[in-house]
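The values are calculated or read from the model by the stated rules, or taken from the named source; none is laboratory data. Since the model is a prediction, treat every value here as computed from it, not as a measurement. Cβ coordinates were reconstructed from backbone atoms using ideal geometry, including for glycine residues, and neighbour counts include every protein chain displayed. Accessible surface areas use protein heavy atoms only, side chains included; no ligands, DNA or RNA. Shrake-Rupley method; radii C 1.70, N 1.55, O 1.52, S 1.80 Å.
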Amino acid sequence: MRALVAWAALLIVAPLAAQEPDYEAFGEFLEEFRKETGTPAMSALIVKDGEIAWEAYLGTSDDERDFPTTAETTYYIASVTKPIAATAILAEALAGDVELTTPMTADADWEEFCAYFATTQVPFMSGGEDMFGNAIAPVDCAKPTTLAEMLDMRANGDAFVYNPIAFARIDRVIRGAGGRDLRAIVRDRVLKPTGMQDAALGWRDPDAGNALRFLAMPYHTAEDGRIVKQALSDDDFRAAAGMMANPRALAAFDIAYDAGAIVPGTLRHNLTHDVELGPLGDYRMGWWLEEWNGKRLMWHSGKDDQKYSAIYLKIPEDRLTLIVLANTEAIWNEGGSMVQAKVSQSPVARQFLENFAQ
């Protein structure tokens, strides 16, 4: 009888134990992926229930392999800047210091800029199709696009089109309407209250701390397998890109964002519960939104061509976040569409979702 009871207890306990997250296996996957893609340095971190649950720092951050990747190693995070900048702008608006109804024409050069780019071959400006055959609407220069609409990527019409060039004009719009410098907004509304350490808001950030000193140099893996060191980009900070940070800095933002410490939790609730997603997903408040196996995903990826890449992926329902940064473009969502949210096609994102999404 005792043996039967013990066997029954094992049946109850075993499934619970099997559900424990296997962070070690995920770390092994990332290390193998790093080696396969010729990426010198890769940093990864998982946040669970408002705390850092796991982190890994893989490879070396220099071409002579003298400096192992550490928690202090920083990367250019490219478009992952967008949700951070957008959240700061929303906080500034809630404080009454910027109007979200401000039109993009508050940028004195907007009309000329828009008219020119609408004639180029850039698909999210002139229109066309993505690789799946989905239509990409051209930018609507006649539309009185507001700052709020631009944060939702609505410069091309009523449906979203990911338009990073137009998004990059946001700082000019805010200044044109008499608002503060975007760097000051992001530092005061996000970096300071969240305790994000060693995050640089562009090359000209006077308060960059150690972010530039610990920056992993960029590399590109050539077709013949050679790992080629690249020149650093000289682009400065914009709402669209420009931040340099390590995963712990992004985790500090993530934890504070989920706790409602930057903007009210009702704004995130709107993204996770109130925004209805069509078959292509959506883009709102600086976030891509996607449904995966019945779960709402909030995410952003980033790429600096042949230099850096990043993934910031949230599963709000599970209170779970993945942050991965690399000093090649290896983790960029290749083939990503301008009109379809599909982070789940990324090998790194898919591995995370399949392993950890409850």
Condition first: among the hydrophobic types (A, V, I, L, M, F, W, C), in contact with a helix residue (DSSP H, G or I) (Cβ under 7 Å, 6 or more places away or on another chain), modelled with pLDDT under 95 and over 29 Å from Ala71 (Cβ atoms). Can you find one or more residues in the stretch 257-277 that meet it? yes
Residues of the stretch 101-138 classified as under 14 Å from Ala168 (Cβ atoms) and in contact with a Cys (Cβ under 6 Å, 6 or more places away or on another chain), total: 1
In the set Ala184, Ala166, the lone residue that is farther than 17 Å from Leu151 by Cα and in a helix (DSSP H, G or I) is Ala184
Positions within the stretch 46-85 being open to solvent by 30 Å² or more (accessible area, probe 1.4 Å) and small (Gly, Ala, Ser), in sequence order: Gly50, Ala53
Result of the Cβ filter at 8 Å on the stretch 13-37, keeping first residues that are among the basic types (Lys, Arg) and partners that are modelled with pLDDT under 95 and open to solvent by less than 50 Å² (accessible area, probe 1.4 Å), at least 6 apart or interchain, is Arg34/Ala330
Of all the residues that make up the stretch 28-45, how many are open to solvent by 10 Å² or more (accessible area, probe 1.4 Å) and out of contact with any Gly (no Cβ under 7 Å at 6 or more places or on another chain)? 8
Among the numbered criteria (1) touching a helix residue (DSSP H, G or I) at 6+ places or on another chain (Cβ under 6 Å); (2) crowded, with 24+ Cβ neighbours inside 10 Å; (3) more than 17 Å from Lys82 (Cα to Cα); (4) of a type outside the set (A, V, I, L, M), which one does Tyr312 miss? (3)
Output for the stretch 284-302, where each listed residue is open to solvent by 40 Å² or more (accessible area, probe 1.4 Å) and closer than 16 Å to Gln340 by Cβ: Arg284, Glu291, Trp292
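How many residues are assigned to a loop (DSSP other than H, G, I, E, B) and either modelled with pLDDT of 95 or more or open to solvent by 40 Å² or more (accessible area, probe 1.4 Å) (or both) if we restrict to the stretch 86-121?
To start, the set of residues in the stretch 86-121 that are assigned to a loop (DSSP other than H, G, I, E, B) comprises 95-102, 107-109, 118-121.
Keeping just the survivors that are either modelled with pLDDT of 95 or more or open to solvent by 40 Å² or more (accessible area, probe 1.4 Å) (or both) gives 95-102, 107-109, 119, 121.
Count: 13.
For the stretch 227-257, name all the residues that are among the charged types (D, E, K, R) and within 13 Å of Ala86 (Cα to Cα). Spell out the reasoning first.
From the stretch 227-257, those among the charged types (D, E, K, R) are 229, 234-236, 238, 248, 254; that's our starting set.
Result: Arg238, single match.
Listed here are the residues, each with its yes/no results for (1) in contact with a Leu (Cβ under 9 Å, 6 or more places away or on another chain); (2) of a type in the set (D, E, K, R); (3) surrounded by fewer than 22 Cβ atoms within 10 Å (Cβ to Cβ).
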residue	(1), (2), (3)
Asn246	yes, no, no
Ala249	yes, no, no
Tyr257	no, no, no
Gly260	yes, no, yes
Thr266	no, no, yes
His273	no, no, yes
Asp282	yes, yes, yes
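Test Val161 against the stated conditions and say whether it is part of a loop (DSSP other than H, G, I, E, B), at pLDDT 95 or above, buried (at least 21 other Cβ atoms within 10 Å of the Cβ) and β-branched (Val, Ile, Thr). Walk me through it before giving the result.
Details: part of a loop (DSSP other than H, G, I, E, B): yes; at pLDDT 95 or above: yes; buried (at least 21 other Cβ atoms within 10 Å of the Cβ): yes; β-branched (Val, Ile, Thr): yes.
The answer is yes for Val161.
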Given (1) among the β-branched types (Val, Ile, Thr); (2) under 22 Å from Val186 (Cα atoms); (3) touching a residue at least 12 places away in the same chain (Cβ under 8 Å), number of the condition Thr266 does not satisfy: (3)
Please determine, by comparing only the residues of the stretch 179-228 that are among the basic types (Lys, Arg) and at pLDDT below 95, which one is farthest from Ala168 (Cα to Cα). Arg226
Restricting attention to the stretch 212-244, report how many residues are among the β-branched types (Val, Ile, Thr) and crowded, with 17+ Cβ neighbours inside 10 Å. 1
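Residues being over 19 Å from the mean Cα position of the chain (by Cα), open to solvent by 60 Å² or more (accessible area, probe 1.4 Å) and either over 14 Å from Thr87 (Cα atoms) or in contact (Cβ under 8 Å) with a residue 60 or more places away in the chain (or both): count how many of those fall in the stretch 189-208.
Let us first name the residues in the stretch 189-208 that are over 19 Å from the mean Cα position of the chain (by Cα), namely 192-193, 203-208.
Filter again for open to solvent by 60 Å² or more (accessible area, probe 1.4 Å), leaving 192-193, 203-204, 206-207.
Right, trim to either over 14 Å from Thr87 (Cα atoms) or in contact (Cβ under 8 Å) with a residue 60 or more places away in the chain (or both) and you get 193, 203-204, 206-207.
So the count comes out to 5.
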Any residue that is free of Cβ contacts under 8 Å to residues at least 40 places away in the same chain, closer than 26 Å to Asp97 by Cβ and surrounded by 15 or more Cβ atoms within 10 Å (Cβ to Cβ) - is there at least one of those in the stretch 136-153? yes
I need a count of the residues in the stretch 122-149 that are within 23 Å of Ala85 (Cβ to Cβ), hydrophobic (A, V, I, L, M, F, W, C) and outside any loop (DSSP other than H, G, I, E, B). 4
